[in-house]
Number of protein chains: 2
Amino acid sequence: MLKINENFIKLPQSYLFVDIARKVQQFAEAHPEKTIIKMGIGDVTKPLPKAVVEAMKKAADEMGQAETFRGYGPENGYAFLREAIAENDYRKHGIDIAPDEIFVSDGAKSDTGSIGDIFAVDNVVAVCDPVYPVYIDTNVMAGRGGEYNDQTGWSKIVYMPCTEETNFLPEIPKEPVDVIYLCFPNNPSGVGITREALQQWVDYANEHQAVILYDAAYEAFITEDLPHSIYEIEGAHTCAIEFRSFSKTAGFTGTRCAFTVIPKALQFQGVSLNALWNRRQSTKMNGVSYVVQRGAEAVYSPEGQKEIQENIAYYLNNAKIIREGLTAAGFTAYGGVNSPYVWLKTPDGMTSWEFFDLLLEKTGIVGTPGSGFGLNGEGFFRLTAFNTLENTKAAIQRITDYFRK
Amino acid sequence: MLKINENFIKLPQSYLFVDIARKVQQFAEAHPEKTIIKMGIGDVTKPLPKAVVEAMKKAADEMGQAETFRGYGPENGYAFLREAIAENDYRKHGIDIAPDEIFVSDGAKSDTGSIGDIFAVDNVVAVCDPVYPVYIDTNVMAGRGGEYNDQTGWSKIVYMPCTEETNFLPEIPKEPVDVIYLCFPNNPSGVGITREALQQWVDYANEHQAVILYDAAYEAFITEDLPHSIYEIEGAHTCAIEFRSFSKTAGFTGTRCAFTVIPKALQFQGVSLNALWNRRQSTKMNGVSYVVQRGAEAVYSPEGQKEIQENIAYYLNNAKIIREGLTAAGFTAYGGVNSPYVWLKTPDGMTSWEFFDLLLEKTGIVGTPGSGFGLNGEGFFRLTAFNTLENTKAAIQRITDYFRK
């Protein structure tokens, strides 16, 4: 008799963005005359760079001709893309990463979600709180969650509070942990981490033989002097895996391409994690579409770089407008300088969902309740900079009109 | 201290196609004057249909314009593709499958490799022998393998011998099993299964509350009156998951699109596997590239259908030439009628690898040793029909010249 994976049953049924979508739909039906401005989900809106579109069309043409057709590609990505990544994202910045330390995939969500396959079930996982829910949910599915409690979360997960008091940075856990998820610039809080602070994590991981899973999906939004890669930090090659994505960097949320870096120096009990992940990937997938990989390669062309920098500047300008507008309207707001996310404190001690309802009802603006990211997200609210400049300005005007004291 | 997943260490290091590639490279270096004809890996060679190329280029253009740009898509595929699949692959053939029972993905390898995520670790898995290695390796990684023995295989896996005596069909296991992998038309043997024979498996699974994982990646090659889908069989909706792919059907091995069907009626202990897989997919991935999904949709257009039928007929003609040529040369050959694979018995009691070496050395032809697919593959050899007509004819001529008595 088939037995299902009972860990799935333990997961709370509802999913943050599903709940939001339902409330928005209800509001839209009740108020068809109101224009809703969505600043909830972290999804880009600017089109793909022309260089990317042209590269994909050229690749599609190649696939239509016998002479240039390509069947199965290398599971971990074509050499042309792995070389371009190693050169442009690492070597050019003085970071020693080789093409065979790069694994091309269809998304950082896939990779952060599946990386646990190569770890034993009985590792202790540490996550920031608030946090991107995928890190927790995928570990719960694998049996690393324990039991769930509304007030304290999962019994086996170590939560690292990121609050106003800690400047939204996690502190080194007091109990032993084996797998540490870090995301900087952070989702949802939008804050970055300094080299000095990150060095402490690398030192801790090396000392305790823990692995850091470093999600750098938002590194392209860094404007201050902060590390873009964890491998800028001494010792990181022996303790860290880095996840990056073209999604936010180059507008690939619907095109799907990302990569994971696992240095060959990263070994535990004499076993190379690079070799384990290679085995996992070559057994469980067949690589990313050739057409998409050519599109990703074009991101590194001069034209591609120019266009993505313009797009990122556009989103960062939106973030600035949000952060400064909210502050002027009397809110306390964080993030938005090295990130497309602004993390604001709800006024008058409202809960995150109370503020969600109020904001939607009074201004027609959709954001994301901080409590959806964890217990320490309660009392906070995330707004994203991915809407148009016009909508972003209109949203801040509406907020100002309603809230300014 | 991080503990790795020890199950990975149990997996034998070498991988079938890696070994083959190494031997072929050595031969090529030693005999630069000889032309090698590759009939080993099951990879297509005909270019993508024009309709698919045009659809992908149009979609790439859409992604380059703000008005038509698409960000995150639905994790399980766009409605346009799920509808097209439900209509063309199922309803049109009188099979009741709804769009929300279809999960679009980047490959059947990904789906057959990851489906085990939703099952408990302590299920007993049954596989055909010989078999596509991914079914076994992914279960070993998940802890369902037990210990490996060169002579008997994995201690916890139930092997169902598919031999000349059984017409290469598995027999119902005598011990209880929970998860049954079936692939028809079969890889590697190329044989199909009748409705009557498949009905016995469906009845068994329903009676014992087992799940059948039905890999129908080669259904487009069926020429006789055999089931294209397991859902043609009464009772399959309550016991079977079906995997299909555009890879072999439409030349998508480098373009990457496939789908998995999980009927809502498929429930165990009151839990819907459709709901579990939906949760798994929406937590661990972000869907397939929009551009690729538009390409897959175009497979169902009249022009797309015409082109893929021509390509499949071309490959099937190659298969016929291989099967008939081998038979005329004195070999015993199976498959190749409803499949791009021909499964031949090695002559004079040679082992599969002995025959591999002889064939490469004497004729320059590369095939796949049957022993690479399992203990009962020993003494057999797989040739694929995916090369060009010219190369296929040349290969059979070389074999005939060398082997005909």
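The values are calculated or read from the model by the stated rules, or taken from the named source; none is laboratory data. As the structure is a computational prediction, the values presented were derived from the model and not from experiment. With ideal geometry, Cβ positions are generated from the backbone for all residues, glycine too; neighbour counts draw on all protein chains shown. Each accessible area value is taken on the protein alone, full model and side chains, heavy atoms only, with ligands, DNA and RNA left out. Shrake-Rupley method; radii C 1.70, N 1.55, O 1.52, S 1.80 Å.
Beta bridges per DSSP, both residues in chain A: antiparallel share near 55 percent.
In straight-distance terms, cross-link reach from B:Lys248 covers every one of the aspartates and glutamates whose alpha-carbon lies under 17 Å from its own, apart from those fewer than eight places away in the same chain; here that gives B:Asp43, B:Asp89, B:Asp106, B:Asp111, B:Asp215, B:Glu219, B:Glu297, B:Glu307, B:Glu310. Shown in residue order for segment A:256-270 are the 3J(HN,Hα) couplings computed by the Karplus curve 6.51 cos²θ - 1.76 cosθ + 1.60 at θ = phi - 60°: 6, 7, 7, 8, 10, 10, 10, x, 5, 6, 7, 10, 9, 6, x Hz (x for Gly and Pro). Derived scalar couplings between HN and Hα for segment A:364-374 equal x, 9, 9, x, 10, x, x, 5, x, 9, x Hz in order, rounded to whole Hz, by the Karplus curve 6.51 cos²θ - 1.76 cosθ + 1.60 (θ = phi - 60°), x for Gly and Pro. For the options B:Asn187, B:Asn338, B:Asn123, a Gaussian network treatment of chain B with springs between C-alpha atoms closer than 10 Å singles out B:Asn123 as fluctuating the most. Total Lys pairs in segment A:1-119 closer than 25 Å by alpha-carbon, pairs eight or more apart in sequence or interchain only? Lysine pairs meeting both conditions in segment A:1-119 amount to 12. Here, segment A:351-405 has an Rg and a Dmax of 11.6, 34 Å when only alpha carbons are counted. Counting from the shortest, the label point at A:Gln13, 7 Å from Cα toward Cβ, is 5.1 nm from the same position in each remaining copy. Calculate the length of the line joining the C-alpha centroid of segment B:345-378 to that of segment A:191-221, in whole Å. Using only Cα atoms to place each centre, the spacing works out to 51 Å.
How many percent of the alpha carbon pairs in segment A:55-106 exceed a separation of 15 Å? Value for segment A:55-106 (Cα pairs over 15 Å): 56 percent. Cα centroid separation, segment B:268-328 to segment A:254-291: 25 Å.
Computed from the Cβ-Cβ distance with R0 of 51 Å, the FRET efficiency linking B:Gln151 to A:Ala66 stands at 0.70. Each helix, a run of at least 4 DSSP H residues, gives -39500 (n - 2.57); summed and divided by the residues of chain B, these come to -11500 deg cm²/dmol at 222 nm.
Pairing chain B with chain A buries about 6500 Å² of accessible area. This figure sums both sides and uses a 1.4 Å probe. Principal axis analysis of the Cα atoms in segment A:1-83 yields extents of 56, 52, 25 Å, listed in decreasing size. Distances between placed amide hydrogens fall under 5 Å for A:Phe252 paired with A:Ser247, all partners being 5 or more residues away or on another chain.
Plainly put, the tip 7 Å out from Cα toward Cβ on A:Glu147 is 3.6 nm from that tip on each other copy, the closest given first. Evaluating 6.51 cos²θ - 1.76 cosθ + 1.60 at θ = phi - 60° for every residue in segment B:116-131, the Karplus couplings come out as x, 3, 8, 10, 5, 5, 8, 6, 8, 9, 10, 10, 5, 9, x, 7 Hz, glycine and proline recorded as x. Per the rotation superposing chains A and B, the chain A residue found at the smallest beta carbon distance from the axis is A:Lys57, 2, distance in Å. Across chain B, the mean sequence separation of Cα contacts (distance under 8 Å, 6 or more residues apart), normalised by length, yields a relative contact order of 23 percent.
Normalised by residue number, the volume inside the convex hull of the Cα atoms of segment B:1-151 is 278 Å³ per residue. Using a Förster distance of 30 Å, how high is the FRET efficiency between B:Glu171 and B:Leu358, based on the Cβ-Cβ distance and rounded to 0.05? Calculated value: 0.40. Looking only at A:Asn167, A:Asn149, A:Asn206, which one moves most when chain A is put into a Gaussian network model with springs between Cα atoms under 10 Å? Most flexible of the set in this elastic network: A:Asn149.
A probe of 1.4 angstrom, applied to the heavy atoms of all protein chains, finds B:Lys320 with accessible area near 100 square angstrom. Cα convex hull, segment A:114-171: 86 Å³ per residue, rounded to a whole number.
Taking only protein heavy atoms and a 1.4 Å probe, the accessible area of chain B is 51% carbon and sulfur. How long are the semi-axes of the equivalent ellipsoid of segment A:298-405, taking √(5λ) for every eigenvalue λ of the Cα gyration tensor, in whole Å from largest down? In descending order, the three semi-axes are 28, 16, 11 Å.
Averaged per residue, chain B has 37 square angstrom of accessible surface, using a 1.4 angstrom probe with ligands and nucleic acids left out. As a length-normalised measure over Cα pairs under 8 Å and 6 or more apart, the relative contact order of segment B:1-121 settles at 13 percent. Evaluated at q = 0.15 Å⁻¹, a Debye calculation over the C-alpha positions of segment A:114-264 (equal weights, vacuum) places log10 I(q)/I(0) at -0.78.
What is the diffusion coefficient of chain A in µm²/s, taking the Kirkwood radius over Cα pairs and the Stokes-Einstein relation at 25 °C with a viscosity of 0.890 mPa s? Estimated diffusion coefficient is 111 µm²/s.
The Stokes-Einstein estimate for segment B:234-331, based on a Kirkwood radius over Cα pairs and taken at 4 °C with 1.567 mPa s viscosity, is a diffusion coefficient of 78 µm²/s. For the protein assembly as shown, the Stokes-Einstein estimate of translational diffusion at 4 °C and a viscosity of 1.567 mPa s comes to 47 µm²/s, using the Kirkwood hydrodynamic radius over alpha-carbon pairs. Check every DSSP H run in chain A and write down those whose alpha carbon atoms cover 15 angstrom or more along the long axis and whose mean Kyte-Doolittle hydropathy is 1.6 or greater. Passing helices, by number: none.
In plain terms, the C-alpha convex hull of segment A:68-187 casts an average shadow of 10.4 nm² when viewed from every direction. Compute the distance from the alpha-carbon center of segment A:34-112 to that of segment B:15-80, in whole Å. Result: 15 Å between the Cα centres. Normalising the average separation of contacting C-alpha pairs (under 8 angstrom, six or more residues apart) by the number of residues puts the relative contact order of segment B:115-265 at 17 percent.
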